[in-house]
Amino acid sequence: MNRRHGDPEPRVRTYSWLETISLTERLADLIKVSFMPTAVIAVLRGGAFPALVIAHRLGVRTMYAVQVTTTRTEEVRSARRPPTVQATSEWHVSGEKLLVVDDVVNTGQTLRSVLHEINRRGRPARVATACIAWDSVSANDSAVQTGCPSDYHADRVEAWVRFPWEAPQS
């Protein structure tokens with residue numbers, strides 16, 4: 001996002017490792033109440049850590065990964081671009097109960113891209129999506145969204161989200 005002179009600084013919510021682990025465990029607990037996947041798909045990069053923790057907490061041994069890029073840079077409220085999707089391995093999705101995990105959801109564009117890729121590869125029995133945090137501020141930072149694009153989320157914020165694995169911004 002290109003800010004004009006005088007525009008306020010975008011709000012940023014930075015999570016510690018302890019908060020991130022706690023929220024990821026809470027997310028796993030929320031999921032297991034109503035859904036038990038047979039495979040977990042991590043959205044790289046941010047979804048790798050929570051997907052691994054959730055898979056272990058739910059006893060799911062099958063994991064896949066997909067790289068999706070929707071922002072142009074690492075900057076807060078970076079401009080968006082059409083998603084690029086690259087699956088990192090062969091997925092076996094037909095008949096499976098899949099859980100797609102990312103670190104944060106905002107517009108839902110990343111999750112929709114992964115769902116499209118899943119449906120291109122086969123017919124799963126069920127697909128659910130999960131994220132640690134739902135950033136409910138619209139992508140252009142102008143309004144608050146009323147519905148989360150993910151089936152499960154552990155926290156709702158009205159700010160750009162930064163996790164402990166991300167490089168600090170200078």
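FYI, it's all coordinate maths here, none of it is from the lab. None of the values given here were measured: they were computed from a predicted structure. Here the Cβ positions follow ideal geometry from the backbone for every residue, glycine too, while neighbour counts run over all protein chains shown.
Rg/Rh, computed from the Cα trace of the stretch 85-138 with Rh as the Kirkwood radius, has the value 1.00. Between L44 and R61, the distance separating the two model label sites (each 7 Å from Cα on the Cα→Cβ line) works out to 2.4 nm.
Computed from backbone phi, the HN-Hα couplings of the stretch 160-166 come to 4, 9, 10, 9, x, 7, 7 Hz, rounded to whole numbers (Karplus: 6.51 cos²θ - 1.76 cosθ + 1.60, θ = phi - 60°; Gly and Pro given as x). Taking amide H as placed 1.01 Å from N in the peptide plane, R11 has its amide H under 5 Å from the amide H of W160, each at least 5 places away in sequence or on another chain. Annotation: amide H of Q67 within the under-5 Å range of L44, Q86, A87, T88, sequence separation 5 or more or interchain, hydrogens built in the peptide plane.
Compared with the direct C-alpha span, the chain from R26 to H116 gains 29.7 nm at full extension, assuming 0.36 nm per residue. Given R0 = 22 Å, the distance between the Cβ atoms of M36 and V12 translates into a calculated FRET efficiency of 0.05.
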